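Nothing in this text is a laboratory measurement; each read-out follows from the coordinates by a stated rule. Small disclaimer: the values here were computed from a predicted structure and weren't measured. Because the Cβ atoms are built from the backbone with ideal geometry, glycine has one as well, and the counts that use them run over all protein chains shown.
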Amino acid sequence: MRHLNSGRKFGRSPAQRKAMFRSLAMNLILRERVLTTDAKAKEMRRVADKLVTVAKRADAALGVDASKLGKTDREKRLSVYREIRSFLPWDAFDDEGAGVDVVGKLLDEIAPRYRGRSGGYTRIMKAGRRRGDNAPLSVIEWVPAAARKEKAEKKGTRGKESAVKKVSRFFKRSKKETAGQAGK
């Protein structure tokens, strides 16, 4: 029985699993979208969300040049940088072959997007089946932070009223149908 055993093993040793998630996390940070299998994407969500949560601990130091920070903020950023660097120990290369500081990108670009958000930084979308072995594929990507705010502003109270109208229309329709059935 698998009671209270969380996480998938993927037929790999713990070191191989950690290396796989490091690689996926680096690619997600670097390219902001990764195509992988469903199971890997679902496990990767846990890793990516934890990385952003740790990065958000830098608080006032997010998205700010380190030279412009005060001493305590600089120390906090350095501490968070080192903690993330312990999981992502090497730098990646972009498409042009230039080196990219993945942890710096996480702290400067990705984590500041989600300042007011308390979780759910990634989303998974189904992408069909893999050609060779018919494995289910998914795309994991960062949730656009601005889209959520715009949707909430558009919806406002009008969205609630329309939901009430929809429900009332459903009940009116069901009353008519039941009245029609009772007459038969």
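Converting the Cα gyration tensor eigenvalues of segment 1-157 into ellipsoid dimensions via √(5λ) gives semi-axes, longest first, of 28, 21, 16 Å. Across all C-alpha atoms in segment 1-72, the radius of gyration and Dmax reach 16.1, 54 Å. Listed peptides 113-121, 17-25, 48-56 appear in the order 48-56, 17-25, 113-121 once ranked by packing, highest mean of other Cβ atoms within 10 Å at the front.
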